[in-house]
1. Of the GluC sites (Glu not before Pro) in region 82-154, which ones lie in a loop per DSSP and count no more than 12 other C-beta atoms within 10 Å?
2. Under the rule of -39500 (n - 2.57) per DSSP H run of 4 or more residues, summed and divided by the residues of the chain, what mean residue ellipticity at 222 nm is obtained, to the nearest 500 deg cm²/dmol?
3. Can you give the alpha-carbon Rg of the chain over 2.2 N^0.38 Å, where N counts its residues?
4. Once phi is turned into ³J(HN,Hα) by the Karplus curve 6.51 cos²θ - 1.76 cosθ + 1.60 with θ = phi - 60°, what whole-Hz value does each residue of region 221-233 show in order, with x for glycine and proline?
5. Taking all protein chains together and a probe of 1.4 Å, list 55, 77 from the most accessible to the least accessible.
6. Report in % the part of the accessible area of the chain that belongs to carbon and sulfur, leaving out ligands and nucleic acids; probe 1.4 Å.
7. At 1.4 Å probe size, with every protein chain present, just tell me what the per residue accessible area of the chain comes to in Å².
Amino acid sequence: MKREHCELEAIICADYLRCRGYGMPCEHNHTHYEISVVTEGRLTISNNNDSIETEAPCIIFHFPGTFHRVLTDPEFEYERYNIHYKADIFRSYPAILADTERLFSSNVAVIHPERDTLDELLYYIRPLMRARYDDEKATALLGVILNILKSSRPEGFYSHGKPSGSYINGIVRYISENLSPVMTAEEIASDFFVSRAKLAADFKRETGMTLKQYVELLCLERAKLALTSGKSVQAVAIELGYTNPGTFIRSFKKLAGVTPGAYTQNAYKKE
């Protein structure tokens, strides 16, 4: 089955879809947390080696880096609200970060909310859909949504999903908070008191990519955000921790296929 990396350049984004016979053509991954609120449909969810058949209404949680897709039954209408976000948007709010880690304790999880909980979630999700250019407002709304999900969690909250090693969740957060293109598996393994071999195996199993791939993709995404915000190539290189702009330019071109300058010009042309 074809697999591909999906680049989500915004730190937080949301979208809505309603259709019949919708299905993702291939498995994909990204470095964002993903919450899907499905209000209608019958679907099959794939995430790494897990496969879940379920019906709406349901809420799906995908851990960053995992390869996943959703196939829907064409006999039923399908409606869903998707939210993608980086945990580091809550860097100044430890309680909300903790909520994220609790909700994403599996590679994939599915819950079936009560009707009043679903209505309350949609009350905040719908304005989130309209806040795509206002990160501050979107972050505040997401904080409320995560709090509702945490507060409404019943016993046996996760009905599906293979547990993800909690330390891997912590490592994803650690990478986000301390991101550097020169960070190594040896250094991270030492900080978390595990062997490099164990870290490499667990990270690959839980996220679907190697630790090096994850760090490179996260650096690329942050670089793109910084470049499109108006920062110079040299400033972005320094901000991300590259030893010199030349190293940053070569790394960016290797991963993105274009130089940082060409990427910025293309981004401005699309506006």
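The values are calculated or read from the model by the stated rules, or taken from the named source; none is laboratory data. These numbers come from a predicted model, not from an experiment. Every residue, glycine as well, gets a Cβ built from its backbone with ideal geometry; the counts of neighbours run over all protein chains shown. In case anyone asks, the SASA skips ligands and DNA or RNA and just uses the protein heavy atoms, side chains included. Shrake-Rupley method; radii C 1.70, N 1.55, O 1.52, S 1.80 Å.
1. Numbers: sites: 101, 114, 120, 136; in loops: 114.
Answer by residue number: 114.
2. Details: 10 runs with 122 residues, N = 271.
So the calculated ellipticity at 222 nm is -14000 deg cm²/dmol.
3. Numbers: Rg = 18.8 Å, N = 271, 2.2 N^0.38 = 18.5 Å.
Compared with the compact-globule rule of thumb, the chain sits at 1.02.
4. For region 221-233, the Karplus curve yields 4, 5, 5, 4, 4, 5, 5, 6, 8, x, 6, 6, 4 Hz.
5. Numbers: 55 95, 77 60 Å².
Order by accessible area, largest first: 55, 77.
6. Numbers: 6700 of 13170 Å².
The C+S portion of the solvent-accessible surface of the chain is 51 percent.
7. On the way: 13170 Å² over 271 residues.
Solvent-accessible surface per residue comes out at 49 Å².
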